[in-house]
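The values are calculated or read from the model by the stated rules, or taken from the named source; none is laboratory data. In this text, all values refer to a predicted model and were calculated from it rather than measured experimentally. As a convention, Cβ positions derive from the backbone with ideal geometry for all residues, glycine included, and neighbour counts pool all protein chains shown.
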Amino acid sequence: MSESFTGEDVAVPSATLPHRGPRVLAIANQKGGVGKTTTAINLGTALAATGEEVLVVDLDPQGNASTGLGIDHKSRDVSTYDVLSAEAALRDIVRPTAVPHLWIAPSTLDLAGVELEIGQRRDRAHRLRDAVTALNGDPGEPPFTYVLIDCPPSLNLLTINAMAAAHAIVVPLQCEFFALEGLSQLLKTVDQVKATLNPGLEIHGIVLTMYDARNNLSGQVVADVRAFLGDKVYETVIPRNVRVSEAPSYGKPVLVYDLRCAGSEAYLRLATEVIQREKAFAERPAG
Ligand SMILES: Nc1ncnc2c1ncn2[C@@H]1O[C@H](COP(=O)(O)OP(=O)(O)OP(=O)(O)O)[C@@H](O)[C@H]1O
Ligand SMILES: [Mg+2]
């Protein structure tokens, strides 16, 4: 595949995923602790519950998505590190979870070193895209229809790989005073990736997380973010809910841990919105 990579930089023309490939959504925000992993796990679970075949790709060396989906550290023989090092195919590291139709490509701490290892390679920003492109190649395997990439809290090469591989980005924003801080930098990075690596990239939506109805500030943040970002913000707001924070320690999505809690209901509504937006994207006239 390396022939298609030209020039000094990592820009690659006409980089398109195959028609029948999965929809690839990167869950990204360089701010830490805003709900990226929680969203990857629970949006993934909710999409799987509607019959989609969903792969969560853990692209964070912290490995929280892997742990939250019940994969313990010791059993992670192969991981997204091997995929980005081009030593394993994405299909080969995929593990089933306790949730039907939901799969995980786990990560390990090794991933933290991958930037140093591949940082000088011309295809360094496209390692994940190439891996995702090859994902559905085997007719013997059921094809994935969604790939959700859980990004690390940084705008590093890992996140750039996710943005280069994705059709669209889902941005979790925590309902707190500094919610919008750093967002302009994130949007600038998205624009740079569009200009160089992935012209089709778009923002799928902004999801407000950890909303606390008892706190006036939460309501103000929701109003401000909606005023600033308009209909890019999903209607669904994820409430702060103790069941959501308990679930990962049981290695379960909150939808499995407690289907009836407010957090689970919110993630189900979010999945419905994501599917509606997907339909709207698909029906858009070309060009
Ligand atoms: N809706 C919620 N209600 C209560 N707790 C939540 C909720 N969403 C996330 N949390 C908790 O907040 C913490 C941060 O969430 P999460 O790990 O999803 O964020 P993150 O953006 O992935 O963090 P990092 O940047 O470190 O990867 C976790 O302990 C998680 O359980
Ligand atoms: Mg995380």
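One residue stands out among those in region 81-96 that are touching a residue at least 40 places away in the same chain (Cβ under 8 Å) and surrounded by 21 or more Cβ atoms within 10 Å (Cβ to Cβ): the one that is nearest to Tyr257 (Cα to Cα), which is Leu90. Of all residues in region 189-221, those satisfying the criterion of being at pLDDT below 95, assigned to a helix (DSSP H, G or I) and surrounded by fewer than 19 Cβ atoms within 10 Å (Cβ to Cβ) are Asn216, Leu217, Gly219, Gln220.
Take the residues in region 138-153 that are touching a residue at least 24 places away in the same chain (Cβ under 8 Å) and more than 16 Å from ligand 1 (Cβ to nearest atom); name whichever of them is surrounded by the most Cβ atoms within 10 Å (Cβ to Cβ). Step by step, filter region 138-153, then rank; the result is Val147. Number of residues in region 143-158 that are hydroxyl-bearing (Ser, Thr, Tyr) and either within 18 Å of Leu43 (Cβ to Cβ) or away from ligand 2 (no atom under 12 Å from the Cβ) (or both): the value is 2.
For region 77-106, the candidate set comprises residues that are of a type in the set (D, E, K, R) and closer than 21 Å to Asp123 by Cβ; within that set, the residue that is nearest to ligand 1 (Cβ to nearest atom) is Asp82. Among residues of region 56-75 that are farther than 22 Å from His101 by Cβ, those with a Cβ under 6 angstrom from a residue that is in a strand (DSSP E or B), sequence gap 6+ or separate chain, pair up as Asp60/Asp150. Any idea which of Ala166, Ala195, Ala162, Ala227 is within 16 Å of ligand 2 (Cβ to nearest atom), under 26 Å from Ala280 (Cα atoms) and small (Gly, Ala, Ser)? Matching residue, one of Ala166, Ala195, Ala162, Ala227: Ala162.
For region 103-132, filtered to residues that are among the polar types (S, T, N, Q) and modelled with pLDDT of 95 or more, the residue that is nearest to Val24 (Cα to Cα) is Ser107. With Lys31, Lys74 as the choices, which residue is within 14 Å of ligand 1 (Cβ to nearest atom), basic (Lys, Arg) and more than 16 Å from Ala165 (Cα to Cα)? Only one candidate qualifies: Lys31.
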